[in-house]
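Only one structure is covered here, and it is reproduced in the block below.
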Amino acid sequence: MATPAVALPPPEERLGLLAWAQQNLFDGWLNTALTIAVAVLLGWFGNAVVRWAAAAHWQVVTANLRLWIVGLLPLSQVWRAWWAGGLIATAVLLTILGIAARVRPRVIISLWAATVVGVIWLFSPVRLDQIGGLSLTLLLAVVAISASFPIGVLVGVGRVSGLPIVRLFCTAYIEAIRGIPLIAVLLWFSIFVSLLSGESMPRVARAMIGMTVFASAYVGEIMRAGIQSVPRGQAEAARALGLSGWKTMVFVVLPQAFKNMLPALVGGFISLFKDTSLTVIIGLSDLLGIGRSLLALTDYLHDVKEVYVFALMVYFVFSYALSAGSRVLERRLGLGER
Amino acid sequence: MSVAPQRDGQPIIILEDVHKWFGKLHVLRGITLKVRAGEVVVIAGPSGSGKSTMIRCINRLEAHSGGRIAVDGIELTDDLRNVDAVRREVGMVFQSFNLFPHLTAMQNITLAPVQVRRWSLPRAEQVARELLARVGIPEKAGVYPAQLSGGQQQRVAIARALAMQPKIMLFDEPTSALDPEMIQEVLDVMKSLAREMGMTMMVVTHEMGFAREVADRLVFMDEGVIVEEGTPEHFFTNPKEDRTKLFLSKILHQ
């Protein structure tokens with residue numbers, strides 16, 4: 001009888017800090033020179049940034065926080081924005097706790113449904129055109145994302161439909177929108193819709209429609225790729241069990257397509273969030289629009305850097321949060337992977 | 001529960017002069033075959049001979065281009081209601097299992113009964129548990145396909161097809177993608193289906209041991225036609241056609 005093989009622990013691979021630095025940073029004269037050069041460059045740049053930030057006129061931000069957050073919302077209505085903000089912050093906090101405690105997705109979805117209803121109720125007496133600043137940016141992004149997702153799924157399914165007319169229509173829509181820049185869509189909608197409805201439709205609503213129409217085409221194309229990434233045998237197995245074409249899509253193909261497409265989808269939504277800044281062109285005062293208005297005041301004429309650095313940081317924080325959230329979701333969805 | 005196989009002579013699957021083209025490629029060149037209820041038919045032949053295409057035509061995963069196919073008295077035409085009716089009566093097991101990776105074994109099995117047969121979930125789960133016990137893995141109900149071995153996945157796939165209570169089961173090379181040590185467990189499940197349930201089965205396979213033991217009839221196909229058919233004894237003792245002899249000598253002496 002052979003002796004049974006024994007499982008051995010893997011060899012130790014951790015390096016001390018010094019050994020690590022020697023191996024990775026100062027390995028030969030060329031690497032040493034590069035390390036020093038990069039360190040000097042980083043030090044100089046960091047120093048410049050810190051000194052500028054210390055001397056900068058942050059009053060343009062601190063003295064106008066209300067404008068940055070809610071824009072020109074009438075003072076009597078501002079409390080609504082604070083309550084809405086508090087509601088959303090609570091929901092975010094509860095979501096993070098809920099994910100950590102691994103509660104059922106259904107609970108988190110209902111939490112957010114309740115939050116949305118609450119926010120809509122709070123803002124119901126406010127006219128759309130009165131909202132501005134960060135609130136407007138978030139509102140545009142949330143509406144465009146949540147409206148373009150279901151529409152995009154339909155367009156994506158239509159793109160691979162067995163019916164030639166549906167397929168042709170969806171392909172034409174996607175190709176037409178992909179050939180036009182978002183700014184053109186926004187300008188076109190703000191003019192075209194006002195021709196149809198007069199001035200009755202708020203500019204913000206026109207921007208929402210324009211962004212949704214634009215984003216749906218991109219979501220549709222992402223979904224098409226996702227649907228086609230699911231092996232043909234999956235749909236065949238479902239059809240062989242007697243499931244209809246629609247049920248095959250809903251229960252078998254789309255859940256797998258969605259998982260495959262999540263990174264691309266979140267990427268699309270992040271750029272959609274940043275693209276809300278283009279609404280400045282049609283005269284909306286979103287986060288960036290408020291910044292530009294402030295720069296027009298005599299007090300802040302020279303605070304260009306401060307205004308844009310602040311706006312940039314806000315955009316970054318929200319985009320990064322989206323991206324981090326999607327990574328958590330991806331890990332969770334990886335549960336049953338093949 | 002041992003039901004005596006009832007081979008009552010009524011054909012449940014009828015193929016008459018069936019043709020199929022993929023573009024210009026003539027894959028099925030006039031197939032005529034009748035399968036009686038309770039019969040186990042094994043289809044063998046070299047790759048590219050049209051075996052898989054033929055059984056995929058029977059539940060219309062492929063539409064035949066000419067001739068006539070009738071299953072359990074239902075004509076397979078472009079009428080989608082007929083196609084759905086046939087698919088409810090015909091279960092299929094694939095070479096690559098095709099389990100739904102985002103669903104547990106239990107959910108894989110209950111999906112179609114709940115969505116198509118409109119069973120309540122508790123009833124479907126009850127049936128699913130019985131089927132998982134029948135295929136020998138009752139403890140795997142809550143497990144995702146990725147956590148199962150190939151043989152276990154294929155047994156779940158068989159249970160999934162059986163949950164729809166089909167009258168006919170089609171097997172498209174059910175053991176070809178399996179590691180050698182897992183082939184037997186799947187063949188054993190298929191044997192018990194044939195013997196204890198009297199299931200009507202069409203099996204595309206190269207497992208000649210299975211054919212010899214279980215099949216009522218063996219069909220040998222080559223280049224889109226049925227070259228020879230008969231009992232397993234006939235095939236293994238005195239096959240007539242040269243192509244049959246050549247094929248059998250290849251797969252029996254590997």
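The values are calculated or read from the model by the stated rules, or taken from the named source; none is laboratory data. Here the structure is a predicted model, which means the values were calculated and not measured. No Cβ is skipped: glycine too gets one built from the backbone with ideal geometry, and neighbour counts run over all protein chains shown. Please note that ligands, DNA and RNA were not included when accessible areas were found on the heavy atoms of the full protein model with its side chains. Shrake-Rupley method; radii C 1.70, N 1.55, O 1.52, S 1.80 Å.
Computed values, structure above
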| item | result |
| --- | --- |
| The stretch A:15-118: trypsin sites (Lys or Arg not before Pro) falling in loop per DSSP and having at most 12 other Cβ within 10 Å | A:Arg102 |
| Base-10 log of normalised Debye intensity for the stretch B:62-142 (one unit scatterer per alpha-carbon) at q = 0.15, 0.18, 0.22, 0.25 Å⁻¹ | -0.69, -0.89, -1.09, -1.22 |
| Cβ charges +1 (Lys, Arg) and -1 (Asp, Glu), total dipole of the protein assembly as shown, debye | 1160 debye |
| Mean Cα-pair separation over length for chain B, i.e. relative contact order, pairs under 8 Å, 6 or more apart, % | 27 percent |
| The stretch A:1-69 versus the stretch A:72-148: alpha-carbon centroid distance in Å | 36 Å |
| Ranking by accessible area, most exposed first, for A:Tyr308, A:Tyr320, A:Tyr315 with a 1.4 Å probe | A:Tyr320, A:Tyr308, A:Tyr315 |
| 1.4 Å probe, heavy atoms, protein only - residues of the stretch B:97-115 losing at least 30 Å² accessible area vs chain alone | B:Asn98, B:Phe100, B:Pro101, B:His102, B:Leu111, B:Ala112, B:Gln115 |
| Those aspartates and glutamates that a straight Cα-Cα span of less than 17 Å connects to A:Lys274, excepting residues fewer than 8 apart in one chain | A:Asp286 |
| Average projection area in nm² (convex hull over Cα atoms of chain A, one quarter of hull surface) | 29.5 nm² |
| Theoretical FRET efficiency, 1/(1+(r/R0)^6), r = Cβ-Cβ of A:Ala205 and A:Trp79, R0 30 Å, to 0.05 | 0.80 |
| Unit charges on C-beta of K, R, D, E only; dipole of the stretch A:18-168, Debye | 480 debye |
| Global geometry of the stretch B:3-155, whether rounded, prolate or oblate, following the gyration tensor of its Cα atoms and the 1.5 cut on a/c | prolate |
| Area accessible to solvent at B:Asp179, 1.4 Å probe radius, in Å² | 80 Å² |
| Within chain B, helix-based [θ] at 222 nm, where runs of 4 or more DSSP H residues each add -39,500 (n - 2.57), nearest 500 | -11500 deg cm²/dmol |
| Net +/- balance of residues flanking A:Leu241 in space, Cβ distance below 9 Å, scoring K and R +1, D and E -1 | +4 |
| Sum of side-chain charges, B:Ile226 neighbourhood, beta-carbon under 12 Å (Lys, Arg +1; Asp, Glu -1) | -1 |
| Positive-end extreme of charge dipole, the protein assembly as shown - chosen from A:Ala5, A:Ser124, A:Trp52 (charges on Cβ) | A:Ser124 |
| Lysines with Cα under 28 Å of B:Lys51, excluding same-chain neighbours fewer than 8 positions away | B:Lys20, B:Lys24, B:Lys34, B:Lys167, B:Lys191, B:Lys240, B:Lys245, B:Lys250 |
| Antiparallel DSSP beta bridges within chain B, as percent of all bridges there, nearest 5 | 55 percent |
| Relative contact order of chain A, defined on C-alpha pairs under 8 angstrom at six or more residues apart (%) | 20 percent |
| Test item: A:247-253 mean partner chain Cβ contacts at 10 Å | 3 |
| Trypsin sites (Lys or Arg not before Pro) within the stretch B:212-254: DSSP coil, no more than 14 neighbouring Cβ in 10 Å | B:Lys240 |
| Chain B: most fluctuating residue of B:Val114, B:Val40, B:Val18 per GNM, C-alpha cutoff 10 Å | B:Val114 |
| Estimated 222 nm signal from helices in chain A, with DSSP H stretches of n ≥ 4 weighted -39500 (n - 2.57), rounded to 500 | -24000 deg cm²/dmol |
| Lys, Arg +1 and Asp, Glu -1 on Cβ, resulting dipole of the stretch A:170-248 about Cα centre, debye, nearest 20 | 180 debye |
| Per residue value of the accessible surface for the stretch B:97-145 (all protein chains in place, 1.4 Å probe), Å² | 42 Å² |
| Antiparallel bridge percentage (DSSP; both residues within the protein assembly as shown; nearest 5) | 55 percent |
| Where A:Leu41, A:Leu128, A:Leu262 fall by accessible area, highest first, once all protein chains stay in place (1.4 Å) | A:Leu41, A:Leu128, A:Leu262 |
| Inter-centroid distance (Cα atoms) of the stretch B:12-43 relative to the stretch B:180-254, Å | 16 Å |
| Over the stretch A:220-329, relative contact order from alpha-carbon pairs under 8 Å, at least 6 apart, % | 24 percent |
| Å² per residue, accessible surface of the stretch A:212-281 at 1.4 Å | 35 Å² |
| Most positive-pole-ward Cα, B:Ala215, B:Met201, B:Leu178, against dipole of the stretch B:99-254 from beta carbon charges | B:Met201 |
| Residues of the stretch A:75-95 with amide N under 19 Å of a point placed 7 Å along Cα→Cβ from A:Val116 | A:84-95 |
| Kyte-Doolittle mean at least 1.6 and Cα axial length at least 18 Å: DSSP H helices in chain A | A:105-123, A:133-159, A:182-197 |
| Distance between the stretch A:214-271 and the stretch B:143-166 - C-alpha centres, whole angstrom | 23 Å |
| GNM top mover of A:Ser148, A:Ser200, A:Ser216 - chain A, alpha-carbon springs below 10 Å | A:Ser200 |
| Residue among B:Ile58, B:Val35, B:Pro46 farthest towards the positive dipole end of the stretch B:24-72, charges placed on Cβ | B:Pro46 |
| Distance histogram in 5 Å bins (all Cα pairs of the stretch A:140-245, percent per bin) | 2, 13, 17, 19, 17, 12, 8, 5, 4, 3, 1 |
| Contact surface A-B: accessible area buried, both sides summed, square angstrom, 1.4 angstrom probe | 1900 Å² |
| Longest site-free stretch - chain A; sites: GluC sites (Glu not before Pro), DSSP loop, at most 11 other Cβ within 10 Å | A:14-198 |
| Net +/- balance of residues flanking A:Gly71 in space, Cβ distance below 11 Å, scoring K and R +1, D and E -1 | -1 |
| Sparse-neighbour loop sites [trypsin sites (Lys or Arg not before Pro); the stretch B:1-90; at most 13 other C-beta within 10 Å; DSSP] | B:Lys24 |
